[in-house]
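Contents: one structure, followed by commentary.
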Amino acid sequence: TGGTFTFNPVPTDGAIIDPADGTVTNGTSGATYTVEYTTIGTSCPQTSAVTFTVEITDDASFTMTPTCDGATATIDGTTGGSFAFNPMPVDGAMIDPLDGTVIGGISGTSYTVEYTTDGTCPSSSTETFTVITTDDSTFTMTATCDGGTAIVTGVTGGSFALNPDPGDGSVIDPATGTVTGGISGATYTVEYTTNGVCPSSSTEIFTVIPTDDATFTMTATCDGGTATVTGTTGGSFAFNPLPGDGAVINATTGTITSGTSGATYTVEYTTNGTCPSSSTQDVTVLITDDASFTLTATCDGGTATITGDLGGTFTFANPQPTDGATIDPATGEVTGGTPSATYNIIYTTAGVCPSSTTLVLNVLPIDNAGFTMTPTCDGA
């Protein structure tokens, strides 16, 4: 003992030898070196050489293949090592220490994985990967009068579906997301699913715009009818079909005037909202009373016979007589009239739709009873 160690030849790769104990450090994996040991005896020093090969350091190379929620590892070097995050994420991502599979990662996030071999000469290496970005499946729905339309604000090219299926006859275009055949005021849920490498789905709820309520009623009058809107106000009225008898309708109020007694008209009301609708109602004009009557002259007036609707009132037409003639308002009998005089008689009914008729009464003339006496020899 006590000699000195040296390289022979001296390597150029940075390897170092301790001259006292011969320990070689910083050698290259798999490289061969020759070490020479020389004793220090004063009488007979001696030198010997030993050649050795540095043990091969494990190959810790590996690759990471990103997935939609992490990545998978492929060992390119020495198998049997272990995987770990370095640094450790705090977002819930997990790694399998045996095969390096990462799950629970966040879309678009980068992670660093370290692989360490467990051989005689272990080594470590790291790989950084970024989780594949999950498709953005955001979209919006705009309600229409019978469904809705979709606008994709994320990744286009996916497909739409009603989820759950409403079962009411509404349909959706899987390519555009347009819903048709929906029920007024009904609510639907639409699901949009992308078709990329990392697809995703999202849902939107919308309510079909309520269709206007075009209900209304018609109340018959003596020359037409009046309308009352029971649904959405602000619409317009019209005849449908258009009558040819001169009846007219107010487009704003629906009031019918100049209609024919007893005639039936069909009125259509159309709203003017975002989702308009129309409906029709029939109205039959009230029948006007029949004021017909006859007059039978008497010696001081006359009598009336009603041939139309009973219960009306009789009056003298203007100008009123000034000769003392009177008329019974209930029966129409005229008394106290002047023989051969002429009177105008009005009969007015008392029904919902009254009417009046005027007739002329000519009082019967009184017979002329005048005579003369011519005397004779025994009388006249």
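Of the residues in region 229-237, not one is at pLDDT below 95 and not hydrophobic (A, V, I, L, M, F, W, C). When T322, T305, T376, T294 are checked against the criterion of being open to solvent by 70 Å² or more (accessible area, probe 1.4 Å), farther than 30 Å from T228 by Cα, in a strand (DSSP E or B) and not aliphatic (A, V, I, L, M), T305 stands alone in meeting it. Pairs are defined by a Cβ separation below 7 Å, a sequence spacing of at least 6 or placement on different chains, a first member in region 289-306 that is charged (D, E, K, R), and a second member that is part of a strand (DSSP E or B) and open to solvent by 30 Å² or more (accessible area, probe 1.4 Å); the pairs so defined are D300/T335. Looking only at residues of region 328-339 that are within 26 Å of P354 (Cα to Cα) and in contact (Cβ under 8 Å) with a residue 24 or more places away in the chain, we find that the one that is most open to solvent (accessible area, probe 1.4 Å) is E333.
Any idea which residue in region 139-158 is nearest to the chain's Cα centre (by Cα), counting only those that are surrounded by 17 or more Cβ atoms within 10 Å (Cβ to Cβ) and within 17 Å of G196 (Cα to Cα)? Going through the qualifying residues, I end up with F139. If the condition is being touching a Ser or Thr at 6+ places or on another chain (Cβ under 8 Å), closer than 17 Å to T358 by Cβ and in a loop (DSSP other than H, G, I, E, B), then region 308-319 contributes G308, D309, G312, A317. Residue check: G234 meets all listed conditions (1) exposed (fewer than 13 other Cβ atoms within 10 Å of the Cβ); (2) within 30 Å of L364 (Cβ to Cβ) but one, namely (2). Residues in region 114-147 that are of a type in the set (D, E) and part of a loop (DSSP other than H, G, I, E, B): 4 in all.
Suppose the filter is farther than 30 Å from D135 by Cα, in contact with a Gly (Cβ under 9 Å, 6 or more places away or on another chain) and open to solvent by 60 Å² or more (accessible area, probe 1.4 Å); does D59 pass it? It is true that D59 is farther than 30 Å from D135 by Cα, in contact with a Gly (Cβ under 9 Å, 6 or more places away or on another chain) and open to solvent by 60 Å² or more (accessible area, probe 1.4 Å). Looking only at residues of region 62-85 that are outside any strand (DSSP E or B) and not polar (S, T, N, Q), we find that the one that is nearest to N195 (Cα to Cα) is C68.
Among the residues of region 337-380, the ones that are of a type in the set (G, A, S), in contact with an Asp or Glu (Cβ under 6 Å, 6 or more places away or on another chain) and more than 30 Å from D223 (Cα to Cα) come to 1 in all.
In the set (1) hydroxyl-bearing (S, T, Y); (2) open to solvent by less than 60 Å² (accessible area, probe 1.4 Å); (3) touching an Asp or Glu at 6+ places or on another chain (Cβ under 8 Å), T193 fails one condition alone, (3). Taken residue by residue, region 86-96 has at least one member that is out of contact with any Ser or Thr (no Cβ under 6 Å at 6 or more places or on another chain) and not in a loop (DSSP other than H, G, I, E, B). G14 satisfies every condition listed in (1) surrounded by 13 or more Cβ atoms within 10 Å (Cβ to Cβ); (2) part of a loop (DSSP other than H, G, I, E, B) except (1). If the condition is being acidic (D, E) and surrounded by fewer than 15 Cβ atoms within 10 Å (Cβ to Cβ), then region 258-281 contributes no residue at all.
Table: residues versus (1) in contact with an Asp or Glu (Cβ under 7 Å, 6 or more places away or on another chain); (2) open to solvent by 40 Å² or more (accessible area, probe 1.4 Å); (3) farther than 18 Å from T130 by Cβ.
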| site | (1), (2), (3) |
| --- | --- |
| T79 | no, yes, yes |
| F85 | no, no, no |
| P89 | no, no, no |
| G92 | no, yes, no |
| L98 | no, yes, yes |
| T101 | no, yes, no |
| G105 | yes, no, no |
| S110 | no, yes, no |
| V113 | yes, no, no |
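Give the residue that is nearest to T322 (Cα to Cα), with candidates limited to residues of region 340-357 that are loosely packed, with under 13 Cβ neighbours inside 10 Å and not small (G, A, S). Ranking the candidates gives T342 first.
The values are calculated or read from the model by the stated rules, or taken from the named source; none is laboratory data. Computed from a predicted structure; not experimentally measured. Positions of Cβ are backbone-derived with ideal geometry, glycine not excepted, and every protein chain shown enters the neighbour counts. The accessibility values were calculated without ligands, DNA or RNA, using every heavy atom of the protein model including side chains. Shrake-Rupley method; radii C 1.70, N 1.55, O 1.52, S 1.80 Å.
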